[in-house]
Amino acid sequence: MSRTASPPEGLGAAARALAARPDLWPVALVAAGRLAPRGWWRRWPPVPWPDAGYWRFRMETVYGGRGDAPPAPDDVVEFLEWCRQRWPRQRWRRSPRSLR
């Protein structure tokens, strides 16, 4: 799978929609961390963008086609609201025990 050096297409619009929802910022950070490939900081450029192949797969499963459709901002906000409901705070905050 290939790495991408730039953010996946459409994330700018999703970020603008998310900017109006500060209550979802912590959930968005956790979700972004879960999408980032392991060891993303070891590769240049050191940004946590998801692997291009994985991103294409995710967009294909959501929107169909070839996986080149950008995420709809409303879908991103709705997904993060769903995540917040599914992940109790104690599960998406790292505890000292999980850092060992």
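May I ask you to list the residues in the range 11-53 that are touching a residue at least 24 places away in the same chain (Cβ under 8 Å), of a type outside the set (A, V, I, L, M) and surrounded by 16 or more Cβ atoms within 10 Å (Cβ to Cβ)?
Matches in the range 11-53: 49, 50, 51.
Search the range 65-87 for residues being of a type outside the set (Asp, Glu), surrounded by fewer than 14 Cβ atoms within 10 Å (Cβ to Cβ) and under 22 Å from residue 19 (Cα atoms), and hand back the single one that is modelled with the highest pLDDT.
82
Yes/no matrix, rows are residues, columns are (1) part of a helix (DSSP H, G or I); (2) over 14 Å from residue 11 (Cα atoms); (3) not hydrophobic (A, V, I, L, M, F, W, C):
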position	(1), (2), (3)
34	yes, yes, yes
38	no, yes, yes
45	no, yes, yes
48	no, no, yes
59	yes, no, no
67	no, yes, yes
70	no, no, yes
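The values are calculated or read from the model by the stated rules, or taken from the named source; none is laboratory data. Predicted, not measured: the structure shown is a model, and the values here were computed from it. Positions of Cβ are generated from backbone atoms using ideal geometry, with glycine treated the same way; all protein chains shown enter the neighbour counts.
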